[in-house]
Each structure stands twice: as C-alpha cells, then as structure tokens.
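Values quoted throughout were computed directly from the atomic coordinates according to the rules given, and no laboratory measurement underlies them. Owing to the predicted nature of the structure, the values given are computational and were not obtained by experimental measurement. Cβ placement follows ideal geometry from the backbone for every residue including glycine, while neighbour counts extend to all protein chains displayed.
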Amino acid sequence: MLFPTPMLTPADIHVLADVDRMRDELRHELQGKPGKWAGGLRKFLTADAVAASNSIEGFKVSTVDVEDLIAGERDVEVSEENKAETLAYEQMMTYIQTLHDVDDFSYSKGLLNALHWMLQGHRHAERRPAGRWRRGPVYVTDARDPSIAAYTAPDADRVPALMSELVDWLDTDDGATHPLVRAAMAHLHLVSIHPWADGNGRMSRSLQTLMIAREGVLSPEFSSIEAWLGRPGNTWEYYQVLGRRGSTYRPDQDVSEWITFNLTAYHQQAQTVHARWVRARTVWAMLEEFVAGRGLDERIVAALHDAAMAGRVRRTRYEQAEGLSVQQAQRDLRDLVGLGVLEPVGRTRARFYTAGPSYPSDVLEIASTPAVLDDPYRTDR
C-alpha cells in the first residue's frame, strides 16, 4: 500500500497556479534564444542541485567546486570521497536529464536499480550492494542520537512488492493530479520504502527531478528543488516533515503537510531561479559594455562573467566555454591580470582567477545582491 495523494486546499491550488505561472514565463524566456550566459546558468543550476543533494547526506562540496569537477578540472581541493560522490551523482543527473523527451519511456524496477548503481556503484560491497534491493533492515537514525532509530523502513521481504506497486503507480497517471504533486508523492513513496541499503535520500530526490523532467514544461535543471532542500534551514525542516510521518511505515495517513512543504519548495526555487536568471543576464550585459569600452575582445565576457557570478574563473572552464586553445585562454587571462581586472590565486594547474582591483565594482554589486524570497502561503503578501 502507498500513501494516498491528498486533496489540495484552496491555498495549495493558489500556490501551484503561481508556480505554473513562473515556470511558464521562464519557459518563454528560454525559448526566446537567450544569450550565451544561459548556458552557464544551466551548468550552475545542475552543479547547485548536485552539491545540495549530496550535502544533505554529509558530502560537502561547494557549488563552484562541483562546476569545476563537472568541467573535468582535476586539481580541485576536495577529498577523494567527496569527488567520487560528486561525479557519480552528476553522472546520474545527466542521464536523468536526457530522459526528458524519450518517446517510449517507462518506469521499471530495472531503471531504478540502474540509476542506483550509477549513484552507488563506486561503493558497491557485499554488505551494502548497489543496484539491488536491500536484504536486511534499514534505519534512519536520530540526528541528535545515532543510537535511536527515528525511522524504521518496511521489512526487506516487503520491498519487492512495494516497489512493484510504486512502479505501477509511476506508469499510471490518473490525469487529474498535477505533475508536480505526483513528483512530490513519488519522492515520499520511495524514501519511505527505503528499498536500498544506502543512497535512498538522493534516489528519492532524483526520482522527483526525473518526473519533473518528464513533465516537459522546463528543463530539469530549472525545476529541481534539490538546491532548495540543501539549504540548512530547509534541510532541517525536510527531516522534520518526513519525521512526522512516524517511526514506521504507515501509508494510511494524511500527508497534506508533505505537499504543502513541496509546493513551498517549488515556489521558492522558482523565485530563486528567476532572480539568478535576471542577475546573470544583467551582469552579462554590463560586462559587454565594459569590454567594448576597453576595446577588448568580446569573448572575454565569459571569463569575467564567471568571476562575478561564481566568484572565480578557471582557465579550463573559460577555454571550454569559448572553444579556445589552451594558449589562447592562458593569454586572455594573463592580459586581464595585467590590466588589473583579474588577479591569480594559486599556482600552476590549480590556479584560478578572481576579480581584481580594476574589475567594475557595479557589476560585482549586482552579482552579489541576494534574492528576497516570499513565503507563498503568507496571506499578507
């Protein structure tokens, strides 16, 4: 038995309509042939989701370091464990993103186990096998006292039947439930069944992202709520909402609170993405004016944009973004250092560049302006 999908309240319906409006506006902007900065924003959002979802599980890698790792940068100062977890999650997320428009797509236990192998295969062991259902009990321990089980998943012998039921549910759309609500329920179903010995949280969040991708309204990097869930306060509330299900699997309960929590996440992540979109576009336009005014080649805008939006630029990423040779990228960055626009940090292959004393301060001010998020359920908005 799975959790029944709750009826939406009038407030839920209003928030969901607002989310649809924001996502539809962003879709139109994406279809309007945005500038080169949009590609960088896609990469940032993917990296942000990977960094956030991994951080929930204790693997701490900053978004900018994830971006560098995805770009193939080898000299990133993170542990080998964190590097492996980052690259495994990014590989799985990349595959999920490619499934958004597959015509003959269907959910299956094989697909879910294959995704799990992509995530956990590098950790495969007899005691914690990857890509197959667990063979014993699994517990979620209390964050304050690891000797206490905050949640005990269903017995292992129930997992195959529960996963069969979940796959049937995934492949049978009732036509009446909004896709974002279904995606939230899929997350809850999977994390509650906890079918694997490890990696259940990230797999549940990834399943939600996959369902959003399959909806087809927006690319998953613009819709995933993983980055929102990874913010410390939101992570705490995420665990609290899940914890209020009870300490055992009880699918015969009202999970309206979970839906409200997810609708808040969708709404605030849409606000966040829109704010980042506006900042990225504005910063790019300002840098185009700056470069033109200095008589510099317009291609260096990509490097300067990274320095403003990510806080640093690496030669590898600039080279890839503009399709340059190593020598061209090195020369451009060296020239920018000579002008005082950038300044180098570190030596040889690990070197990166940050804004120098001659970098336009108004650009940095726009890039660092934080977004102010509304609570969509506040009645006084």
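Note down the net charge around residue 304, summing +1 for each Lys or Arg and -1 for each Asp or Glu among other residues with Cβ under 11 Å from its Cβ.
Working: positive: 294, 299; negative: 288, 298, 306, 332.
Around residue 304, the charge tally is -2.
Among 43, 36, rank each residue by its count of other Cβ atoms within 10 Å, from fewest to most, as a rough exposure measure.
On the way: 43 18, 36 14.
Fewest to most other Cβ atoms nearby, the residues stand as 36, 43.
Determine the distance separating the Cα centre of the range 312-347 from the Cα centre of the range 163-234; give it in Å without decimals.
If we compute the Cα centre of each part, the gap is 40 Å.
Taking the Cβ of residue 134 as the centre, find all other residues whose Cβ is under 13 Å away and add up their charges (Lys, Arg: +1; Asp, Glu: -1).
Taking every other residue near residue 134 into account, the sum is +1.
Note the angle between two axes, namely the Cα long axis of helix 10-31 and the longest principal axis of the Cα atoms of the chain, as a number of degrees from 0 to 90, rounded to the nearest 10.
40
Taking neighbour Cβ counts within 10 Å as the exposure measure, how do 93, 211, 286 sort from fewest upward?
286, 211, 93
So how much slack lies between residue 80 and residue 98, counting 0.36 nm per residue of separation and subtracting their Cα-Cα distance, in nm?
Contour length minus the Cα-Cα distance gives 3.8 nm.
In percent, what relative contact order does the range 296-367 have, based on Cα pairs under 8 Å that are 6 or more apart in sequence?
30
Take the Cα pairs of the range 296-367, get the Kirkwood Rh, then feed it into Stokes-Einstein at 10 °C and 1.306 mPa s and tell me D in µm²/s.
133
Would you please give the residues with an amide H less than 5 Å from that of residue 150, counting only those at least 5 places away or on a separate chain, with H modeled from the backbone geometry?
140, 141, 142
Averaging sequence separations of C-alpha pairs under 8 Å and six or more residues apart, then dividing by the length of the chain, give the relative contact order as a whole percent.
Values: 486 pairs, mean separation 76.7, N = 381.
Rounded, it is 20 percent for the chain.
Quick one: P(r) of the chain from all Cα-Cα pairs, 20 Å bins, percents rounded to integers, in order of increasing distance.
Whole-percent P(r) values from 0 Å outward: 27, 54, 19, 1.
Using alpha-carbon positions, what is the distance between the centroids of the range 84-140 and the range 12-80, in Å?
20
Provide the three semi-axes, in whole Å and in decreasing order, of the ellipsoid equivalent to the range 1-141 as defined by the square roots of 5 times the Cα gyration tensor eigenvalues.
In descending order the semi-axes read 29, 25, 16 Å.
Looking at the range 68-164, which GluC sites (Glu not before Pro) are DSSP coil and have at most 13 other C-beta atoms within 10 Å of their C-beta?
Sparse-neighbourhood loop GluC sites (Glu not before Pro): 77, 126.
Please name which of 342, 203, 301 has its Cα lying farthest along the dipole of the chain towards the positive end, using unit charges on Cβ (Lys, Arg +1; Asp, Glu -1) and the Cα centre as origin.
Result: 342.
Got a sec to turn the phi values of the range 143-148 into Karplus ³J(HN,Hα) couplings, 6.51 cos²θ - 1.76 cosθ + 1.60 with θ = phi - 60°, whole Hz, x for Gly and Pro?
For the range 143-148, the Karplus curve yields 4, 8, 8, x, 7, 10 Hz.
By counting other Cβ atoms within 10 Å of each Cβ, how are 100, 124 ranked from fewest to most? Present the calculation step by step, with values, prior to reporting the outcome.
Working: 100 16, 124 12.
Least to most surrounded, the residues fall as 124, 100.
Are there chymotrypsin sites (Phe, Trp or Tyr not before Pro) in the range 45-131 that DSSP marks as loop and that have at most 16 other Cβ atoms within 10 Å, and which are they?
Here the chymotrypsin sites (Phe, Trp or Tyr not before Pro) that fit, given the DSSP loop and packing criteria, are 105.
Do the sum for the chain: with -39,500 (n - 2.57) for every DSSP H run of n ≥ 4, divided by all residues, what is the mean residue ellipticity at 222 nm, to the nearest 500 deg cm²/dmol?
-18500 deg cm²/dmol
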